[in-house]
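Student: So that we are looking at the same thing, I have put the structure below in structure tokens.
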Amino acid sequence: MTNETQETTRDVQDMDKHFLHPWEDVTAIGAAPRTVISHGNGIYITDSDGNRMIDGPAGMWCVNVGYGREEIVEAVAAQMRDLPYFSPWSVTASPAAILAERLAEIAPGDLNNVFFTTGGSTAVDSALRFAFFYNNCLGRPEKKQIIARVGGYHGSTYLSASCSGKVLEKANMDMAENLVHLLPKPDPAERSEGMSIEDFCTEKVADLENKILELGPDKVAAFIAEPILASGGVIIPPEGYFKRCHEICQKYDVLFISDEVVTAFGRLGHYFSSKEVFGVEPDMLTTAKGLTSGYMPMGALFISDRLISDIKASGNSSKGFFNGFTYSGHPVAAAAALANLDIFENDKLLEHVQKTAPYFEKRLRELSDIPVVSEVRVKGLMAGVQCCLDPDHPDEDRDVKFLLEVDRICQENGLLLRPVYSAAVMSPPLTITEAQIDDLVGILRNGLETAMERWRPSSI
Ligand SMILES: Cc1ncc(COP(=O)(O)O)c(C=O)c1O
């Protein structure tokens, strides 16, 4: 480490005090200087002091094809030279049109209408606004209530945040409580003692049906759900839950919105997981992140042909969906997304994930022999390693602090984690190899064991 790089790090950290980061505690802005990341290559990121780390969460569940993909860099530069912007209101341009067609081809069912957004929150917000618009067009303006779940995360606009069920993070924040109703978390680990997983599944599906009946089916517009509750800690609902919830929605004419901001673009081994993994053709689907592998900000809302036909059939007058963004279909972001899709095809990335995921799962499950590991949840290339220092005396605050210590030790040894409460959450770049999984699991094991040795005697 040279003096020059040390100073650079300090300079950046100093300037960073003006960068109000997401989820910032405004009483402590800049109090804990952040690691400064300066480079990325493959599954690795390097900080400004030259320390290389495996990027456990792939940025923010998004750098799916890994860092340093020249194909995307070239496509973006070429597009900027040709046309850096067009107004999606009045004209169109080929990158967005080609991307829309290509996405419609790979999307499940009849999700053939692609509405581009700036990210996941705006895709979710647009989906909910479309649900309202749909019911207005069909002459049922009372059908506006939304059902979501505790533990879910859908974004940071007013409406998408209102649908998010990370309850701790609602303190001091206003929510659209008159519109959104949260069901209990479908986390099998929280089922009552002696209850089978099947019975738990039935109970969680009944939660949805009962809520629809309580509010009145003529009042409920939509149910929004992630197939796996990602930011909630990689919570995997019981087998069959997603499909049965879809059936309930169909029974009561409630729109089913699948939030695939995390689970699409290879994370579970398919472009989209709603149908391939969970057997559901949703009415709407939202995505972002892996759409461009994080190289450019972009999200997308997919709307089914059925909903468009229903609106067309509802009368002869024109019906504008007055929702859109200056950057809807941004040509540079679309060029990045197209190059990203090319990489998926050329590198056979979906097949790679399908082949690698069982090894990822096997290696992570081996961590269960560490006493502090209370549960290992894995699906595709996303995982949550839950920690509890003392199951007889659970203490979430203590376990959160423990995880922060694990994260610190892992960073020193070359792995960036993303603790979510008391779980180490991972979603590495999809290009990860078995040897790199060995490294990741080895560093994580060391982090957990070292933190446990340091912690256990004094803290329990
Ligand atoms: C499932 C899900 N939906 C929506 C969002 C919001 O996406 P963005 O941060 O791009 O607005 C996220 C972000 O993590 C997410 O995980």
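The values are calculated or read from the model by the stated rules, or taken from the named source; none is laboratory data. As the structure is a prediction and not an experimental result, all values here were calculated from the model. Please note: Cβ atoms are built from the backbone with ideal geometry, for glycine as well, and neighbour counts cover all protein chains shown. Keep in mind that these areas ignore ligands, DNA and RNA; they rest on the heavy atoms of the full protein, side chains included. Shrake-Rupley method; radii C 1.70, N 1.55, O 1.52, S 1.80 Å.
Student: When the residues of the stretch 296-311 are narrowed to those that are under 23 Å from GLU345 (Cα atoms) and surrounded by fewer than 24 Cβ atoms within 10 Å (Cβ to Cβ), which ends up farthest from the ligand (Cβ to nearest atom)? Don't jump to the end; show me each part of the working.
Tutor: Here is the first cut: in the stretch 296-311, the residues under 23 Å from GLU345 (Cα atoms) are 296-302.
Okay, now just the ones that are also surrounded by fewer than 24 Cβ atoms within 10 Å (Cβ to Cβ), so 296-297.
Values: MET296: 12, PRO297: 7 Å.
Once the filter is applied, the top-ranked residue is MET296.
Student: Now a separate question. Restricting the first residue to the stretch 380-392 and requiring it to be within 30 Å of SER274 (Cβ to Cβ), which pairs with a second residue that is part of a loop (DSSP other than H, G, I, E, B) and open to solvent by 10 Å² or more (accessible area, probe 1.4 Å) meet a Cβ separation below 6 Å and a spacing of at least six or different chains?
Tutor: Listed by first residue and then by second, the contacts come to GLY380/LEU268.
Student: Could you tell me whether any residue of the stretch 409-423 is open to solvent by 40 Å² or more (accessible area, probe 1.4 Å), more than 25 Å from the chain's Cα centre (by Cα) and on the phi < 0 side of the Ramachandran plot?
Tutor: Yes, the stretch 409-423 has at least one match.
Student: Looking at LYS289, LYS251 in this structure, which one is at positive phi and open to solvent by 40 Å² or more (accessible area, probe 1.4 Å)?
Tutor: After applying the criteria, what remains is LYS289.
Student: Going residue by residue through the stretch 314-329, is there one that turns out to be in contact (Cβ under 8 Å) with a residue 40 or more places away in the chain and buried (at least 23 other Cβ atoms within 10 Å of the Cβ)?
Tutor: Scanning the stretch 314-329, I find at least one residue that is in contact (Cβ under 8 Å) with a residue 40 or more places away in the chain and buried (at least 23 other Cβ atoms within 10 Å of the Cβ), so the answer is yes.
Student: Okay, moving on. Condition first: in contact with a Ser or Thr (Cβ under 9 Å, 6 or more places away or on another chain) and buried (at least 22 other Cβ atoms within 10 Å of the Cβ). Can you find one or more residues in the stretch 209-224 that meet it?
Tutor: yes
Student: What do you reckon, is LEU367 over 19 Å from the mean Cα position of the chain (by Cα), in contact (Cβ under 8 Å) with a residue 24 or more places away in the chain, away from the ligand (no atom under 15 Å from the Cβ) and assigned by TED's automatic domain parsing to the domain that holds LEU448?
Tutor: Yes.
Residue by residue, here is whether (1) under 30 Å from LYS348 (Cβ atoms); (2) in a helix (DSSP H, G or I); (3) of a type in the set (A, V, I, L, M) holds:
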residue: SER368; (1), (2), (3): no, yes, no
residue: ASP390; (1), (2), (3): no, no, no
residue: ARG408; (1), (2), (3): no, yes, no
residue: THR431; (1), (2), (3): yes, no, no
residue: ARG445; (1), (2), (3): no, yes, no
residue: MET452; (1), (2), (3): no, yes, yes
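Student: Here's a follow-up. Could we say that GLY329 is within 16 Å of the ligand (Cβ to nearest atom) and within 22 Å of the chain's Cα centre (by Cα) here? First the steps, then the outcome.
Tutor: Details: within 16 Å of the ligand (Cβ to nearest atom): no; within 22 Å of the chain's Cα centre (by Cα): yes.
Criteria not met by GLY329.
Student: So, in the stretch 47-105, exactly how many residues are over 26 Å from HIS270 (Cβ atoms), touching a Leu at 6+ places or on another chain (Cβ under 6 Å) and not aliphatic (A, V, I, L, M)?
Tutor: 0
Student: Also, quick follow-up: Which of the residues spanning the stretch 137-158 are more than 17 Å from the chain's Cα centre (by Cα) and under 16 Å from ALA123 (Cα atoms)?
Tutor: ILE146, TYR158
Student: Condition (residue is without any contact (Cβ under 8 Å) to a residue 24 or more places away in the chain and touching a Leu at 6+ places or on another chain (Cβ under 7 Å)) applied to the stretch 110-129: is it met by at least one residue?
Tutor: no
Student: Looking at (1) part of a strand (DSSP E or B); (2) open to solvent by 10 Å² or more (accessible area, probe 1.4 Å); (3) within 16 Å of the ligand (Cβ to nearest atom), find the lone condition where ALA148 falls short.
Tutor: Against the list (1) part of a strand (DSSP E or B); (2) open to solvent by 10 Å² or more (accessible area, probe 1.4 Å); (3) within 16 Å of the ligand (Cβ to nearest atom), ALA148 comes up short only on (2).
Student: Going by the conditions given, is VAL167 under 19 Å from the mean Cα position of the chain (by Cα) and open to solvent by less than 50 Å² (accessible area, probe 1.4 Å)?
Tutor: no
Yes/no matrix, rows are residues, columns are (1) of a type outside the set (D, E, K, R); (2) touching a residue at least 24 places away in the same chain (Cβ under 8 Å); (3) within 11 Å of the ligand (Cβ to nearest atom):
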position: LYS243; (1), (2), (3): no, yes, no
position: CYS249; (1), (2), (3): yes, yes, no
position: ALA264; (1), (2), (3): yes, yes, yes
position: PRO282; (1), (2), (3): yes, yes, no
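Student: Next question, about the same structure. For residues that are hydroxyl-bearing (Ser, Thr, Tyr) and within 16 Å of the ligand (Cβ to nearest atom), scanning just the stretch 89-145, find the one that is surrounded by the fewest Cβ atoms within 10 Å (Cβ to Cβ). I'd like the intermediate steps shown before the answer.
Tutor: Applying the first criterion (hydroxyl-bearing (Ser, Thr, Tyr)) to the stretch 89-145 yields 90, 92, 94, 117-118, 121-122, 126, 134.
Those left that are additionally within 16 Å of the ligand (Cβ to nearest atom): 117-118, 121-122, 126.
Numbers: THR117: 26, THR118: 17, SER121: 23, THR122: 28, SER126: 28.
It comes out as THR118.
Student: Give me a count of the residues in the stretch 191-208 that are open to solvent by less than 40 Å² (accessible area, probe 1.4 Å) and under 28 Å from LYS144 (Cβ atoms).
Tutor: Residues meeting the conditions: 5.
Student: From the list LEU128, LEU99, LEU111, pick out the single residue that is outside any helix (DSSP H, G or I) and either assigned by TED's automatic domain parsing to the domain that holds GLU260 or β-branched (Val, Ile, Thr) (or both).
Tutor: Just a single option satisfies the conditions, and that option is LEU111.
Student: Here is a further query. Scan the stretch 166-218 for residues that are touching a residue at least 24 places away in the same chain (Cβ under 8 Å), farther than 27 Å from ALA423 by Cβ and touching a helix residue (DSSP H, G or I) at 6+ places or on another chain (Cβ under 9 Å) and report the count.
Tutor: Matching residues across the stretch 166-218 total 4.
Matching residues to (1) open to solvent by 30 Å² or more (accessible area, probe 1.4 Å); (2) under 30 Å from ASN340 (Cα atoms); (3) outside the structural domain of GLU412 (by TED's automatic domain parsing); (4) within 16 Å of the ligand (Cβ to nearest atom):
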| site | (1), (2), (3), (4) |
| --- | --- |
| THR9 | no, no, yes, no |
| PHE19 | yes, yes, yes, no |
| PRO22 | yes, yes, yes, yes |
| ALA28 | yes, no, yes, no |
| ILE43 | no, yes, no, no |
| ASP47 | no, yes, no, no |
| GLY56 | no, yes, no, yes |
| GLY59 | yes, yes, no, yes |
| MET80 | yes, yes, yes, no |
